[in-house]
1. Given the options R100, R90, name the one that is at pLDDT below 90 and either among the charged types (D, E, K, R) or assigned by TED's automatic domain parsing to the domain that holds E29 (or both).
2. Please verify whether E44 is at pLDDT 80 or above and not hydroxyl-bearing (S, T, Y), treating the condition exactly as stated.
3. For region 124-147, enumerate the residues that are assigned to a loop (DSSP other than H, G, I, E, B) and among the small types (G, A, S).
4. Only residues in region 30-54 that are more than 21 Å from G107 (Cβ to Cβ) count as the first member; pair them with residues that are at pLDDT below 80 and part of a loop (DSSP other than H, G, I, E, B), Cβ under 9 angstrom, at least 6 apart or cross-chain, and list the lot.
5. If I ask for residues that are touching a strand residue (DSSP E or B) at 6+ places or on another chain (Cβ under 7 Å) and among the hydroxyl-bearing types (S, T, Y), which ones from region 107-138 would you list?
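The values are calculated or read from the model by the stated rules, or taken from the named source; none is laboratory data. Everything numeric here is computed off the predicted structure, so don't read it as measured data. Methodologically, a virtual Cβ is constructed for each residue, glycine included, from the backbone with ideal geometry; neighbour enumeration extends over all protein chains shown.
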Amino acid sequence: MGKTKFLIPILAIAGFLGLSSIFVVDEREKALVLQFGQIRSVKEEPGMSFKIPFIQEVVRYDDRILSLDTDTIEVTPSDDRRLVVDAFARFRIADVVQFRQAVGVGGLRVAEDRLSSILNAQIREVLGADQVTSDTILSEDRRELMRRIQAAAQRSAAGLGLDVIDVRLKQTNLPEQNLEATFARMRAEREREAADEIARGNEAAQRVRALADRTVTETLSDAERQAQVIRGEADAERNAIFAEAFGADPEFFAFYRSLEAYEKSLKGSNSSMVMTPDSEFFDYLRSGTAPE
């Protein structure tokens, strides 16, 4: 009974010490075994491991891809148009030993602060470089600029044991105080372009109207010329017919011409004529025979 009374506490202490010496590394993390603050072993593979209870401790770090949103900063490209920029990065802890040595007990919080400073510095350096304008940042070249920021940040973050996988620019806007001026300039440019388009349209319309007027004038002139030719040919043919008729029967031709003269002179209400009675004009009215 006396031995049992001492055995149970001993077994309990042994069990506690045994459980305290066992730890499990998850597949989503890496672990360091520290002894009095010094790194004794690195556990990067998932599974169960052992440590010395009370003397050694286990520090765990996330092995997944992490994200970081940077603070909004202002950058000035080479065309001196300031832009408000913020970004986010994807990174992971590549070397836990180097990471521990770089950030100490501050862990991920300190690492994020230092990585944010690195990203902001690289964003300013890349976007403020020569030949980089605000139009370049807002164009398809933006992808190449982000790649350059990521590569530069990767080199700087390597000393922290971090691997910067990707960097993306979330927003690239003008500062609030510059927006109204920019909008006014954009409106003025659009109004100028509209005025230019209207002027070019009016010029084109004038050319079309002038061409149409010239075409109408040429068409009318050609039609008048053709009409004059046709009328001339008709008059010539009529005269030829009259001449042929006069040559065939001069007396009938004279009679026909007299009738035409009567019709024209006595047309409408004009039925009064003042002439001498022996005028040749009335030869066909005084008798039924033609004049000698």
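1. On the way: R90 fails: at pLDDT below 90.
R100 is the lone residue from the list that is at pLDDT below 90 and either among the charged types (D, E, K, R) or assigned by TED's automatic domain parsing to the domain that holds E29 (or both).
2. Working: at pLDDT 80 or above: no; not hydroxyl-bearing (S, T, Y): yes.
So E44 fails the test.
3. So the first thing to find is which residues in region 124-147 are assigned to a loop (DSSP other than H, G, I, E, B), and the list is 128-133, 138-141.
Those that are assigned to a loop (DSSP other than H, G, I, E, B) and among the small types (G, A, S): G128, A129, S139.
4. Taking only residues 6 or more apart or on different chains, the pairs are F50/S21; I52/S21; P53/S21.
5. If the condition is that a residue be touching a strand residue (DSSP E or B) at 6+ places or on another chain (Cβ under 7 Å) and among the hydroxyl-bearing types (S, T, Y), then S116, S134 are the ones that fit.
One line per residue, one yes/no per condition, for (1) touching a residue at least 60 places away in the same chain (Cβ under 8 Å); (2) touching a Lys or Arg at 6+ places or on another chain (Cβ under 9 Å); (3) surrounded by 15 or more Cβ atoms within 10 Å (Cβ to Cβ); (4) part of a helix (DSSP H, G or I):
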position	(1), (2), (3), (4)
E74	yes, yes, no, no
R81	yes, no, yes, no
V84	yes, no, yes, no
A102	no, yes, yes, yes
V105	no, no, no, yes
D113	no, no, no, yes
Q122	no, yes, yes, yes
I149	yes, no, yes, yes
R155	no, no, no, yes
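Results for (1) modelled with pLDDT of 70 or more; (2) in a helix (DSSP H, G or I); (3) out of contact with any strand residue (DSSP E or B) (no Cβ under 6 Å at 6 or more places or on another chain); (4) on the phi > 0 side of the Ramachandran plot, shown as yes or no for each residue.
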{"residue": "D222", "(1), (2), (3), (4)": "yes, yes, yes, no"}
{"residue": "Q226", "(1), (2), (3), (4)": "yes, yes, yes, no"}
{"residue": "F242", "(1), (2), (3), (4)": "yes, yes, yes, no"}
{"residue": "A261", "(1), (2), (3), (4)": "yes, yes, yes, no"}
{"residue": "S269", "(1), (2), (3), (4)": "no, no, yes, no"}
{"residue": "D278", "(1), (2), (3), (4)": "no, no, yes, no"}
{"residue": "D283", "(1), (2), (3), (4)": "no, yes, yes, no"}
